[in-house]
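A short reminder: the numbers here are calculations on the coordinates, not readings from a lab. The structure displayed is predicted, hence computed values, not measured ones. Every residue, glycine as well, gets a Cβ built from its backbone with ideal geometry; the counts of neighbours run over all protein chains shown.
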Amino acid sequence: MDTEGKVIRCRAAVAWKAGEALIVEEVEVAPPKAHEVRVKIAASGVCHTDWAYLHGAGRGMEMRPFPLVLGHEGAGVVESVGAGVTRFSPGDKVIPLFLPQCGECECCLSAKTNLCKANWSKTQQGVLADGTSRITCRGQQVFQFLGVSSFSEYTVALETNLTKIHPDALLQRVCLLGCGVATGYGAAINVAKVESGSVCVVFGLGAVGLAAVMGCVSAGAGRVIGVDVNTDKFAKAREFGVTECVNPRDHSRPVQEVLVEMTGGGADYTLECVGDVEIMRSALESCRSAWGVCVIVGWTELEEMRLRPFHLLMGRTLKGTYFGGWKSVRDVPRLVEEHLAGRLKLEEFVTHTLTLDQVNHAFQLHAGGQSIRSIITM
């Protein structure tokens with residue numbers, strides 16, 4: 001491409017300060033350095049984590065530096081590659097990954113985890129391997145959220161944080177596999193390891209929760225109970241395979257007591273997909289003693305979770321998951337192919353398709369519980 005080796009001027013939604021609205025600005029995106037890839041972003045999902053880091057910064061959430069370009073659920077096309085890059089070529093369809101897979105560290109070499117240590121601490125602070133970002137605006141460095149920054153028309157990612165996908169993939173849909181859908185689906189399949197005929201409870205019926213429901217159904221669960229305070233989500237949840245819906249506000253006693261009674265002693269599997277410590281405790285206490293498994297899927301850094309050791313001593317298992325247990329570079333292309341084969345829903349998650357100029361409206365829809373997933377198209 002004629003832009004190779006040159007600075008690209010494009011638009012990005014910049015968060016100048018925590019808690020403030022994003023401003024769509026002209027930014028400069030530098031060429032990729034060694035082992036980096038510059039990507040033209042086609043679409044990005046708007047995830048709860050983007051909203052949480054914008055509005056939770058300084059209130060208990062680990063502080064990320066500002067100014068910052070958010071977005072970590074994107075998909076696009078390779079524009080150019082840096083020195084030493086052999087797995088990607090201009091024109092390849094790709095998904096940037098906030099979770100790397102270098103294939104060399106002790107975590108990558110272990111079948112027990114999907115975590116990876118490659119440049120982890122740097123991308124968490126919004127920079128790439130050399131300690132700097134590739135995005136500047138108004139003459140100053142703009143940090144890249146989780147090393148991705150998909151709320152920009154172009155971005156640069158480390159090659160370990162990028163995966164090539166099938167050329168037939170619709171980027172405006174498979175971008176959801178960069179975070180939310182992959183996380184919820186994998187939480188049920190890979191982490192809970194839901195068994196056929198089992199009873200499952202999913203707390204939170206947003207995109208991650210519905211993906212967890214999809215995973216439970218795919219695994220052959222006999223009964224899937226959805227829990228949410230927003231009853232507007234119940235119809236969509238039933239389309240995904242929820243058999244019963246529970247609104248905690250309809251009951252005068254703790255929801256875990258309601259669920260234990262409904263299930264005759266507790267669920268086999270519970271998945272917390274909200275990121276609220278009180279709901280996490282409810283999910284654990286909704287498990288059946290002796291063999292119940294509770295998986296924490298929702299992300300929060302704001303509070304500590306409280307629990308009674310008794311609930312673990314009686315045989316329940318409490319687990320957490322990051323990105324649904326998927327080995328990112330290896331497994332995301334497989335998920336794309338599952339979608340292309342008609343075995344993995346994506347279209348059904350999308351409630352709004354918006355432009356980059358409407359990114360703040362997308363956050364409002366999310367915060368108000370009016371969307372499942374909004375897609376920003378570039």
The chain - mean residue ellipticity at 222 nm from DSSP helices (-39,500 (n - 2.57) per run, n ≥ 4, rounded to 500): -6000 deg cm²/dmol
Ranked on Cβ counts within 10 Å of their own Cβ, fewest leading, Leu171, Leu210 go Leu171, Leu210
Relative contact order of the chain (C-alpha contacts under 8 Å, at least 6 apart) in percent is 18
Reachable aspartates and glutamates from Lys93, Cα under 20 Å, same-chain residues fewer than 8 places away excluded? Asp2, Glu4, Glu36, Glu73, Glu79, Glu153, Glu159, Asp168, Asp331, Glu337, Glu338, Glu347
Lys319/Ala341 FRET efficiency (R0 30 Å; Cβ-Cβ; nearest 0.05): 0.55
Once the convex hull of the alpha carbons of the range 1-91 is built, what does its volume come to per residue, in cubic angstrom? 112
Backbone HN-Hα couplings from phi across the range 108-118 [Karplus 6.51/-1.76/1.60, Hz, Gly and Pro as x]: 5, 7, 9, 7, 8, 8, 10, 6, 8, 8, 4
Which of Leu54, Leu158 has the fewest Cβ neighbours within 10 Å, and the rest in rising order: Leu54, Leu158
Quick one: if you stick a label point 7 Å off each Cα along the C-beta vector at Arg138 and Asn230, how many nm between them? 3.2
Report the Cα-based extents of the range 181-322 along its three principal axes, largest first, to the nearest Å. 37, 33, 32
Once the cut-off is 28 Å, how many percent of the Cα-Cα pairs in the chain end up in the long-distance tail? 43
How much length is gained if the chain between Glu257 and Glu303 is pulled fully straight, taking 0.36 nm per residue apart and subtracting their Cα-Cα distance, in nm to one decimal? 14.2 nm
Can you list the lysines whose alpha carbon is less than 20 Å from that of Lys193, not counting same-chain residues fewer than 8 positions off? Lys112, Lys319, Lys327, Lys345
Residues Thr136, Thr163, Thr183, Thr86, sorted so that the one with the fewest Cβ neighbours within 10 Å comes first: Thr86, Thr136, Thr163, Thr183
Straight distance only, please: which lysines reach the Cα of Lys33 with their own Cα at less than 16 Å, same-chain residues fewer than 8 apart left out? Lys6, Lys122
Mind listing the phi-derived Karplus ³J(HN,Hα) values for the range 303-311, rounded to whole Hz, using 6.51, -1.76 and 1.60 with θ = phi - 60°, and x for any glycine or proline? 9, 9, 8, 9, 8, 9, x, 3, 5
Taking the simple approach of a point 7 Å from Cα along Cα-to-Cβ for both Arg87 and Ala21, what is their distance in nm? 4.1
Kirkwood-based Rg to Rh ratio, the range 219-284, C-alpha trace: 0.93
Which whole-Hz couplings ³J(HN,Hα) result when phi for each residue of the range 147-154 is put into the Karplus expression 6.51 cos²θ - 1.76 cosθ + 1.60, θ = phi - 60°, listed in order with x for Gly and Pro? x, 10, 6, 7, 8, 9, 5, 9
